[in-house]
Structures are given as C-alpha cells and as structure tokens.
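Here's the structure we're looking at; comments come further down.
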Amino acid sequence: MTDKPDIPPQHQDSMPADEYKMHPAPDYTPRHAGTGKLKGKVAFISGGDSGIGRAVSVLFAREGAKLAIAYLEEDRDAEETKRIVEEEEGGEALLIRGDLGKRDHAFSAVAQTVERFGQLDILVNHAALQWEDGDFANEPEERLRRIMETNILAPMFCTQAALPHLKEGGVIINTSSVNAFKGNDTLIAYSTTRGATLTFSRSMAKNLMDRGIRVNAVAPGPIWTPFIPGSMPEEKVEGFGSQAPMERPGQPWEVATAYLFLASSDGSYYTGQTLHPNGGKIVGA
C-alpha cells in the first residue's frame, strides 16, 4: 500500500501547470521490469510530458514502445520526460510542441510521428485542461471554448489524423475522469468534457470494430498531477485526495498500468470499456 503523502498548500497561476514546481513531486516510476509488451510499437501520447502522461510515457518506453510526446508549452517538463525515456529507459522519444485543439497542428503532429518512426500503433488522447467554474453564470466564453477545444476537439482531431495509419490491432485510449460519472459542482465544464470523452470512446469502439482497432477509456480519480495546483486554490490542495475511500491521492504510476493493459495484448478483449483507477470510488461503468 502506498503511503499517504503530506501535501502542503500550493498553487500555480498557469494551466497547464508545471510538474517541476510541485512538492512533493508526483511519482511516475514503474514498479516492475519491462517484459517487451509493446516492443515494435509506436505510441503517440498527447499530454505525455507530465503527470499521468509522463508515467504512461515512461512505462510504455520500458515496455519497448517508441514515443511521440505531444505537449502544449511546458518545455522543461517535456525535456525531462524525454531524458527519462531515453537515458533511464533506453527508449526513443520525439517531442512535438503545440496546440492539438487546432486541427492543422493535430494532423501535423501525427504526420511527424509517422515520418519519424514509419508507423503508428497506439494513440493516447490524454492532454486536457481543467479549472474551477463554480460561478458558472459568469464563466467567460473564452475559457469555455478553450476547454472544449482541448478536451473534446483535440482528441477528435488526433483520432482523425491517426486513423489512416492505424492497422488491425491498433489501439486508441482516451482519458476521461471520475467526474464524468459523479459530476462536480466546481468543475462543471471539465466534467462535461469528460462525459463527452466516454461517449466518443464508446462510439468509436463500435465504428472501428470491423477494422480490429480497439478503443477504450481510463477515468482516473484524485491523482497527484500538475492539474491540481494549477486548477485549485491552495487551501483545497492541502490534504488533496483524502476524500477518496483509500484516504489518499493516487500517484501517476498507479494509473499508467491501466493504459499499458489496454495498449497491450493483455487487453485484447476490451473495447468500448472504461477502467477506473480512483482509489475505491464505486461508479457506474
């Protein structure tokens, strides 16, 4: 059992926020030796620079995948993830900077991946934004449009771009949230987008069944990532995760294993499904 971390008050005035500024640092390190589950595979991971995305990148590299890591503007976090993948895991990572909510960039990012590695086998749509909007009547249109572009349109654009390259046995994994199932009175727009992610995943799973491409989702609960200090006031960050049945936040490495399961042949009978690493919260499937 992972120890309960002592998380002090902290806040960052940016979204996306930076992992290198967090204390304690999120734990991304895999707990098992690689066995080649993704050997010969190429994975495109949006938001793969920090938090859960970093943990997925490191774990996929440990299991033999080559990576394209797409991120918005967090250069320091992205460079550190690339260093970990290449120097500590012996992998290969291509960093792609820019806004995937813009269709042209999403298509360019996927094209760069295929040009570099010659193939694409796994698409992980993980990049997202969140911020509190409890005073919803006064939520600015600009922020609503931005979160919809990042959390809904970007995964759609990346999927459109990836589909010509994904062959039978290809995998798409979309990140949702426990909030898609239970709602959240202070994360209204974010929770709405995560519900859309589930519907998109289930619909694409049906659409791609005949092509042998599996589509699933992961719906994390309270995980200690840059999302938290970047979107919550410091008084909410203090003791974050204590509301979970396990009375602690999850660490990114504890969630990354769900993505590996779905990406590898271990998850070959899973499509249109959602995994729930949330510390014991029982939700509808």
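The values are calculated or read from the model by the stated rules, or taken from the named source; none is laboratory data. Small disclaimer: the values here were computed from a predicted structure and weren't measured. Methodologically, a virtual Cβ is constructed for each residue, glycine included, from the backbone with ideal geometry; neighbour enumeration extends over all protein chains shown.
Structure summary
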item	result
Count - residues of segment 86-118 that are in contact with a Lys or Arg (Cβ under 9 Å, 6 or more places away or on another chain) and on the phi > 0 side of the Ramachandran plot	1
Scan of segment 72-116 for residues that are among the small types (Gly, Ala, Ser), within 18 Å of Phe60 (Cα to Cα) and touching a Leu at 6+ places or on another chain (Cβ under 9 Å), ordered by number	Ala78, Gly91, Ala93
Subset of segment 31-58 [in contact with a Phe, Trp or Tyr (Cβ under 9 Å, 6 or more places away or on another chain), buried (at least 19 other Cβ atoms within 10 Å of the Cβ) and of a type outside the set (A, V, I, L, M)]	Lys41, Ser46, Gly47, Gly48, Asp49, Ser50, Gly51, Gly53, Arg54, Ser57
Qualifying residue in segment 242-257 (condition: closer than 27 Å to Ala61 by Cβ, of a type outside the set (D, E, K, R) and surrounded by fewer than 16 Cβ atoms within 10 Å (Cβ to Cβ))	no
Residue match in segment 241-262 (condition: under 15 Å from Thr175 (Cα atoms), in a loop (DSSP other than H, G, I, E, B) and without any contact (Cβ under 8 Å) to a residue 60 or more places away in the chain)	no
Which listed residue, of Ser203, Ser176, is buried (at least 21 other Cβ atoms within 10 Å of the Cβ), modelled with pLDDT of 95 or more and over 25 Å from Gly64 (Cβ atoms)	Ser176
Residues that are surrounded by 16 or more Cβ atoms within 10 Å (Cβ to Cβ) and over 20 Å from the mean Cα position of the chain (by Cα), drawn from segment 117-135	Phe117, Asp133
Segment 84-116 - residue that is among the basic types (Lys, Arg) and in contact with a strand residue (DSSP E or B) (Cβ under 8 Å, 6 or more places away or on another chain) and, of those, surrounded by the fewest Cβ atoms within 10 Å (Cβ to Cβ)	Arg116
Top-ranked residue of segment 263-285 - restricted to ones that are among the aliphatic types (A, V, I, L, M) and either free of Cβ contacts under 8 Å to residues at least 60 places away in the same chain or touching a helix residue (DSSP H, G or I) at 6+ places or on another chain (Cβ under 6 Å) (or both), ranked as surrounded by the most Cβ atoms within 10 Å (Cβ to Cβ)	Leu275
Filter result (buried (at least 16 other Cβ atoms within 10 Å of the Cβ) and among the polar types (S, T, N, Q)) within segment 141-172	Thr150, Asn151, Thr159
Hey, Asp13 among the acidic types (Asp, Glu), exposed (fewer than 12 other Cβ atoms within 10 Å of the Cβ) and on the phi < 0 side of the Ramachandran plot or not	yes
Extreme residue, surrounded by the most Cβ atoms within 10 Å (Cβ to Cβ), among residues of segment 206-240 that are in contact with a His (Cβ under 6 Å, 6 or more places away or on another chain) and not in a loop (DSSP other than H, G, I, E, B)	Pro229
